[in-house]
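The values are calculated or read from the model by the stated rules, or taken from the named source; none is laboratory data. What you are looking at is a predicted structure, and each value in this text was computed from that prediction instead of being measured. Cβ placement follows ideal geometry from the backbone for every residue including glycine, while neighbour counts extend to all protein chains displayed. Ligands, DNA and RNA are excluded from the accessible area calculation, which covers all protein heavy atoms including side chains. Shrake-Rupley method; radii C 1.70, N 1.55, O 1.52, S 1.80 Å.
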Amino acid sequence: DQLARHMPEHEFLAIRAGHGTRYDMHRRNLTVMERTLNMRDEFYNRIRILLMPSITETWGMAALEAMCSGIPVIAHPTPGLLEACGDAGIFKLRHELDDWIRAIEELDDPDRYKVQAMKCRDRARQIENDPSPDRFVDAVEALVG
């Protein structure tokens with residue numbers, strides 16, 4: 001809501017999801033959509049940047065899903081988002097509004113956006129090719145099975 005208020009020239013799309021989501025946001029440049037099971041087609045296809053000012057985030061699946069499509073992620077540096085996004089994430093403290101505005105404005109430059117989008121796709125491929133999750137599942141199944 002604050003970003004939409006301070007950046008009237010930008011369009012924002014929020015989704016009713018997660019803990020602490022405010023539903024009383026009313027700005028001309030802010031659309032709030034309902035939750036969907038088809039995030040790729042109904043949400044990610046409509047955004048250029050994913051903003052994640054989460055106070056807590058255990059992993060950051062939404063960030064990685066966005067990165068698979070080359071969508072840059074600006075996020076508060078929670079442990080889960082730091083781990084998920086790695087050096088492809090753009091991290092700003094959630095209470096530093098001016099830093100978020102500058103980060104969004106920097107991504108308005110097509111060349112910077114292109115570089116960041118490539119970093120995101122590279123990070124998504126890195127996570128996809130990491131064998132650690134499979135080894136973890138195998139270890140848990142060995143303990144339970």
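Looking at this structure, is Glu11 more than 15 Å from the chain's Cα centre (by Cα), surrounded by 14 or more Cβ atoms within 10 Å (Cβ to Cβ) and at pLDDT 85 or above?
Taking the combined requirement at face value, the residue satisfies it.
Kindly indicate whether any position in the range 87-101 is at positive phi and open to solvent by 20 Å² or more (accessible area, probe 1.4 Å).
no
So Ala88 passes all but one of these: (1) within 19 Å of Glu128 (Cβ to Cβ); (2) out of contact with any Phe, Trp or Tyr (no Cβ under 9 Å at 6 or more places or on another chain); (3) at pLDDT below 95. Which condition number does it fail?
Unmet condition: (3).
Answer yes if at least one residue in the range 40-48 is farther than 21 Å from Arg121 by Cβ and β-branched (Val, Ile, Thr), and no otherwise.
no
Output the residues belonging to the range 14-28 that are more than 16 Å from the chain's Cα centre (by Cα) and modelled with pLDDT of 85 or more.
The answer is Arg27, Arg28.
What pairs can you find where one residue is in the range 101-123 and under 14 Å from Gly70 (Cβ atoms), the other is of a type in the set (Asp, Glu), and their Cβ atoms are less than 6 Å apart, with a gap of 6+ or different chains?
Note: pairs meeting the criteria are Arg112/Glu106.
Identify all residues within the range 109-130 that are of a type outside the set (A, V, I, L, M) and open to solvent by 70 Å² or more (accessible area, probe 1.4 Å); write none if there are none.
Pro110, Asp111, Arg112, Lys114, Lys119, Arg121, Asp122, Arg125, Gln126, Glu128, Asn129
Hey, among the residues in the range 53-66 that are without any contact (Cβ under 8 Å) to a residue 40 or more places away in the chain and buried (at least 21 other Cβ atoms within 10 Å of the Cβ), which one's nearest to Glu105 (Cα to Cα)?
Ala63
Got a sec? Which of Val32, Val140 is open to solvent by less than 100 Å² (accessible area, probe 1.4 Å), of a type in the set (Val, Ile, Thr) and in a helix (DSSP H, G or I)?
Result of the check over Val32, Val140: Val140.
Could you list all residues from the range 55-110 that are of a type in the set (A, V, I, L, M, F, W, C) and not in a helix (DSSP H, G or I)?
Ile55, Trp59, Ile71, Val73, Ile74, Ala75, Ile90, Phe91, Leu93, Leu107
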